[in-house]
Amino acid sequence: MGGFFGVASKEDCLFDLFFGTDYHSHLGTRRGGMAVFGENGFDRAIHNIENAPFRTKFDKDMQEMKGHFGIGCISDYEPQPLIVRSHHGTYAITTVGKINNSNEIVEEVFTKGNSHFLEMSGGDINPTELTAALINQKENFIEGIHFAQEMIDGSLTLMVLTEKGIYAARDKMGRTPLVTGKKDGAYCAAFESFAYLNLGYENDRELGPGEIAIITPEGVKTLLAPGKDMKICTFLWVYYGYPSSSYEGVSVEQMRYDCGAKMAQRDNVVPDIVAGVPDSGTAHAVGYANQSGIPFSRPFIKYTPTWPRSFMPTIQTQRNLIAKMKMLPVHDLIKDKKLLLIDDSIVRGTQLRETTEFLYQSGAKEVHIRPACPPLLYGCKYLNFSRSNSEMDLIARRVIARLEGDNVSEEVLKEYADPESEKYEQMIEEIRKELNFTSLRFNRLDDMLEAVGIEPCKLCTYCWNGQE
C-alpha cells in the first residue's frame with residue numbers, strides 16, 4: 001500500500017509536512033520521503049524505514065529543509081518522492097497504487113523517445129518514475145496526469161509538487177482516497193483524513209474519482225471534474241484504514257463495530273469471552289461483544305514498544321516468528337476458557353494457526369475463529385494488499401485446488417464464493433481442519449457491505465468474488 005501528505009502554506013510547511021506524513025506510517029514499511037519547494041528551489045530526502053520509525057529517520061531533515069510547498073510519503077515498495085526535470089519544468093512526484101501493465105507501458109514510452117529508466121535494487125522499474133514518464137508525454141500536467149491514469153491498468157492516486165502549487169489527483173475509479181484540509185494560510189492533502197486534524201486543519205472535502213485539483217495556500221481548485229463511477233477498496237474499512245479515519249463519510253471504527261455486530265447476529269456459538277487479534281480484529285470484536293452480550297476480553301497482548309510490524313520482513317518465516325514473539329498471553333483469561341477470536345481476514349492462515357496453537361498450549365478449551373470478511377479467493381489487482389506472488393498463497397485457493405484440481409473455472413469459483421452453497425461449506429470445513437480451529441465462520445459479503453453503508457456498486461469486492 002502506501003500513503004502520502006502534501007502542504008501548500010504561506011509560511012514554512014515543514015512541521016506540518018513532517019507530522020502529516022508520519023501519520024501515514026501504518027500504510028507502509030520500507031521507504032519514507034519528503035520533497036519541498038521554497039526560496040532555494042527543490043529539496044528532497046528519502047530514507048529506509050524498515051528498521052526504524054519515520055520520525056527518527058527524518059528528524060534531522062525536518063530541521064534543515066525549508067519550503068512553502070511540500071509532499072511526503074510512506075511507501076511499502078519504491079523510493080519516492082522523485083524529482084523530475086522535463087519540458088514541464090522541475091517537479092516532484094509521489095504515487096499510491098499498482099501498475100499491472102508496466103512492461104507494456106515501458107515499451108510504449110521507449111517508442112516515443114524515452115531513453116532509459118533507473119532500475120531499483122530488485123531490478124524493477126520504479127512505478128513512480130514510470131508514471132512521470134507518462135505525464136511527460138503530454139503538453140501540460142492536467143493532460144499528462146489524466147493520460148497516466150488512463151494508460152495504467154491497476155490504480156493511481158498521486159501528488160505532483162511544482163513551483164506554483166501541488167497537483168492532486170485521485171485514482172480514476174476512486175480505489176484509494178484523497179482528502180483535503182484547510183486552516184488559515186494553508187491547505188493540505190492526505191490519504192488519511194485524520195492526518196491533519198491535530199495540526200490545526202479542519203476538513204475541506206474529498207476529491208472524487210479521477211478528479212484533478214491544484215492546491216495552493218489560497219485553496220483547492222478543481223482542474224478536471226470527477227467521474228461518476230467509483231470502486232473504492234472495501235478493505236480500507238475492514239483492515240487497512242486507521243481507526244480514526246473515514247472514507248466517503250463512513251467512519252472506519254464505526255464500520256468495524258457494525259461489522260462485528262452483524263457477525264454476532266448470525267452466530268450460534270456461546271463462548272466465555274470474545275477477543276480480537278490485536279490490533280486489526282479488536283474493533284470488530286467490540287462490535288460482536290456489544291451485540292451478543294458476551295464479555296469482551298484481551299487474552300493476549302501485543303508487545304509493541306520494540307517489536308516491528310509482523311508483515312515487515314519479506315521472508316514468511318521471519319514474519320511468522322515476529323508475529324509470535326509479539327503476543328504475550330494473559331493465562332487467567334485463557335485457561336479453561338472457550339474463546340471466540342476475531343481477525344480482520346485469513347490470507348495464508350499461517351499466523352492465525354500459530355496463534356490458535358499458542359492459545360491451546362496456554363490452556364484454552366475451545367478456539368472459535370470469526371474472520372471479519374469473506375474468504376479471499378482472488379489476489380488484488382488494484383492495490384499492493386498482499387506480498388503474495390500467486391493466488392495459491394491464499395489458503396482458500398489452496399483448499400479449492402485440493403478439492404477440485406488445478407484447473408478451476410470461474411463458474412466453480414463463483415460457487416465457492418456463495419455462502420449458501422455446499423461447496424462453500426466444504427471449503428470452510430477444510431480450512432477449519434487445516435488450521436485446527438474449534439469452529440470457523442467467515443463474515444458474509446452482503447453483511448460486510450451493509451456495515452459499510454454506501455451503495456455496493458461503489459465498493460470494490462474483487463478479492464472476494466472476482467467482480468470488478
Looking at the range 9-48 only, could you name the residues that are small (Gly, Ala, Ser) and surrounded by 19 or more Cβ atoms within 10 Å (Cβ to Cβ)? SER9, GLY20, GLY28, GLY32, GLY33, ALA35
Answer yes or no as to whether ALA283 is modelled with pLDDT of 95 or more, surrounded by 18 or more Cβ atoms within 10 Å (Cβ to Cβ) and more than 23 Å from the chain's Cα centre (by Cα). no
Within the range 388-441, how many residues turn out to be polar (S, T, N, Q) and touching a Leu at 6+ places or on another chain (Cβ under 8 Å)? 2
List the residue pairs whose Cβ atoms are under 9 Å apart, where the first residue sits in the range 28-40 and is not assigned by TED's automatic domain parsing to the domain that holds PRO127, the second is part of a strand (DSSP E or B), and the two are 6 or more positions apart or on different chains. none
Name the residues in the range 1-33 that are modelled with pLDDT of 95 or more, assigned to a strand (DSSP E or B) and out of contact with any helix residue (DSSP H, G or I) (no Cβ under 6 Å at 6 or more places or on another chain), would you? PHE4, GLY6, ALA8, SER9, GLY33
May I ask you to list the residues in the range 258-309 that are assigned to a loop (DSSP other than H, G, I, E, B), under 15 Å from TYR239 (Cβ atoms) and in contact (Cβ under 8 Å) with a residue 40 or more places away in the chain? VAL277, PRO278, SER280, GLY281, ARG309
Scanning for something among the small types (Gly, Ala, Ser) and crowded, with 18+ Cβ neighbours inside 10 Å, does the range 409-418 turn up at least one residue? yes
With GLY174, GLY210, GLY227, GLY181 as the choices, which residue is without any contact (Cβ under 8 Å) to a residue 24 or more places away in the chain, farther than 30 Å from ARG298 by Cα and under 24 Å from the mean Cα position of the chain (by Cα)? GLY181
Could you go through the range 50-71 and let me know if any residue there is in contact with a helix residue (DSSP H, G or I) (Cβ under 6 Å, 6 or more places away or on another chain) and closer than 23 Å to PHE141 by Cα. yes
Would you point out the residue of the range 233-289, among those that are touching a Gly at 6+ places or on another chain (Cβ under 6 Å) and among the β-branched types (Val, Ile, Thr), that is farthest from ALA195 (Cα to Cα)? THR282
Condition check for VAL452: at pLDDT below 95, surrounded by 15 or more Cβ atoms within 10 Å (Cβ to Cβ) and under 21 Å from GLN467 (Cα atoms): no
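The values are calculated or read from the model by the stated rules, or taken from the named source; none is laboratory data. Owing to the predicted nature of the structure, the values given are computational and were not obtained by experimental measurement. Heads up, the Cβs are rebuilt from the backbone with ideal geometry, glycines too, and the neighbour counts pull from every protein chain shown.
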